[in-house]
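Visitor: Sharing a structure below in structure tokens format, with a few things to ask.
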DNA sequence: TCTCGCCTCCCCCAAAAGAGGGAGAAGCTC
DNA sequence: GAGCTTCTCCCTCTTTTGGGGGAGGCGAGA
């Protein structure tokens with residue numbers, strides 16, 4: 001089974017280069033090329049490629065927006081690899097959020113590009129090493145400071161951590177009281193202790209702390225408030 | 001300059017295999033081997049390798065704990081790549097949190113292992129494709145629900161987003177006023193608008209929302225409160 | 001036993017926050 | 001110019017929050 005690839009870049013030479021590299025592989029076929037985001041969307045719909053190599057900077061519609069739209073409209077397992085010359089932070093976030101399976105620099109060795117294409121069709125993801133590093137740091141939470149937060153968490157009693165967790169759920173004192181089956185006065189006491197032990201001023205800072213310390217994580221709150 | 005490597009695995013054959021693969025490279029030298037976590041710590045201290053290949057499952061002290069201790073005690077730029085046969089979720093989190101620069105499966109092709117070693121000494125990071133994918137998904141935050149939050153964010157004006165961002169920094173109304181060079185009364189107006197537009201009750205929920213929507217991210221707050 | 005930390009609850013009080021108005025200035029489009 | 005949104009600021013009022021105590025019960029450990 002051959003891997004069908006769509007190459008999207010506004011520079012003709014770059015497109016040809018990538019197409020050349022990929023075309024040399026027996027199991028890879030470049031089925032189409034596009035030079036703008038809008039063209040990419042049309043080509044993706046028409047040719048239903050397995051993998052799209054997408055440049056970011058393009059006229060009409062940039063690669064990130066095109067990525068988001070393509071993945072939003074097609075439910076199939078289309079994989080998109082973002083190509084860029086530099087690696088600015090904000091692009092990465094938007095790209096990964098748009099649903100890209102890869103984010104690599106254009107100066108990647110040809111054999112690595114081929115490997116990246118094969119990797120993403122198999123359901124894996126491929127990032128430039130420097131980007132992987134940044135993602136890890138983000139994930140691990142700046143490492144140094146996070147353990148610092150976690151250390152401060154140790155100073156809390158079990159009940160105080162319960163309260164802090166509820167607090168991080170956006171609950172009011174009364175709601176926390178209900179959730180933990182204790183009185184509202186007790187909740188106030190616990191919160192006062194949490195704030196003074198952690199050196200915080202108010203519940204909003206406590207919520208921030210909970211997220212920064214990793215006690216609460218994005219995705220934890222499915223609530224609809 | 002040669003890259004000095006320490007190989008840690010409790011199985012003799014595995015160690016020899018990795019050492020063999022790496023030893024064939026002109027610029028890589030395996031300076032030591034260790035079979036337990038404790039041995040690894042001692043060897044790391046003695047030989048000061050550039051890169052450590054670390055197995056997870058080992059007697060005495062597992063590879064994750066050893067990784068954390070080694071990186072905690074040595075301030076140098078020692079890089080650690082975790083090797084594993086499977087890829088269970090909890091390991092990954094602990095490994096990255098311990099400060100590992102890589103997490104790869106043992107069935108990696110020899111040339112990729114060599115590439116991984118070179119990548120991490122250069123400051124990059126290398127993960128198995130499946131793990132990279134999971135990390136991205138985690139980072140992007142379940143995608144579906146997050147875009148829902150992001151949609152709600154669109155209803156805010158630019159100024160209201162500014163205020164929400166400050167809010168997510170744990171600031172009080174007065175501090176937000178100072179930060180944005182506006183009056184305290186104005187801040188209250190903006191916050192009221194934010195709360196009603198997003199269907200939130202108080203600033204604590206607003207902070208939660210900011211994190212869940214990806215407006216604020218763990219690591220953003222370097223503040224010491 | 002006695003002490004100490006933790007959990008529970010109570011009081012009072014002041015500050016902060018949020019709701020509900022109104023209103024003027026600037027910018028925009030029609 | 002009229003109509004609209006946004007940003008800015010003001011007012012009053014109620015609710016919530018947080019600080020400062022105190023106090024009883026309970027279990028672990030000296």
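We did not get these values from a lab; they are worked out from the coordinates using the rules stated. Since the model is a prediction, treat every value here as computed from it, not as a measurement. Cβ coordinates were reconstructed from backbone atoms using ideal geometry, including for glycine residues, and neighbour counts include every protein chain displayed.
Visitor: Cα centroids of region A:57-128 and region B:47-120: how far apart, whole angstrom?
Guide: 27 Å
Visitor: Counting other beta carbons within 10 Å of each Cβ, put A:7, A:194 in order, fewest first.
Guide: By the 10 Å Cβ count, ascending, the order reads A:194, A:7.
Visitor: Counting only other chains, and only Cβ atoms inside 10 Å, what mean value do you get across the residues of A:169-177?
Guide: Mean partner shielding for this stretch: 3.
Visitor: Distances from residue A:130 to the same residue in each other copy, label points 7 Å out along Cα→Cβ, in nm, shortest first?
Guide: 3.0
Visitor: Nearest 10 degrees, 0 to 90: what angle lies between the long axis of helix B:144-154 and the longest principal axis of chain B (Cα atoms)?
Guide: 40 degrees
Visitor: While we're here: In whole percent, what relative contact order does chain A give with Cα contacts below 8 Å and a gap of six or more residues?
Guide: 13 percent
Visitor: Note the angle between two axes, namely the Cα long axis of helix A:203-212 and the longest principal axis of the Cα atoms of chain A, as a number of degrees from 0 to 90, rounded to the nearest 10.
Guide: It works out to around 50 degrees.
Visitor: For chain A, what does -39500 (n - 2.57) per DSSP helix run (n ≥ 4), summed and divided by total residues, give at 222 nm, in deg cm²/dmol to the nearest 500?
Guide: -16500 deg cm²/dmol
Visitor: Taking Cα atoms, how many degrees apart are the long axis of helix A:37-47 and the longest axis of chain A, rounded to 10 and kept between 0 and 90?
Guide: Orientation of helix A:37-47: about 70 degrees from the principal axis.
Visitor: Right, something else. Within 10 Å of each Cβ of A:95-104, how many other protein chain Cβ atoms are there on average?
Guide: 4
Visitor: If you put a point 7 Å past Cα along the Cβ direction, how far is that point for residue B:197 from the same point in each other copy, in nm, smallest first?
Guide: When each copy's label point is compared with this one, the spacings are 3.8 nm.
Visitor: Also, quick follow-up: For region B:1-77, calculate the relative contact order in percent as a whole number, restricting contacts to Cα pairs under 8 Å that are 6 or more residues apart.
Guide: That works out to 35 percent.
Visitor: Output the antiparallel fraction of DSSP beta bridges having both residues in the protein assembly as shown, as a percent to the nearest 5.
Guide: 0 percent
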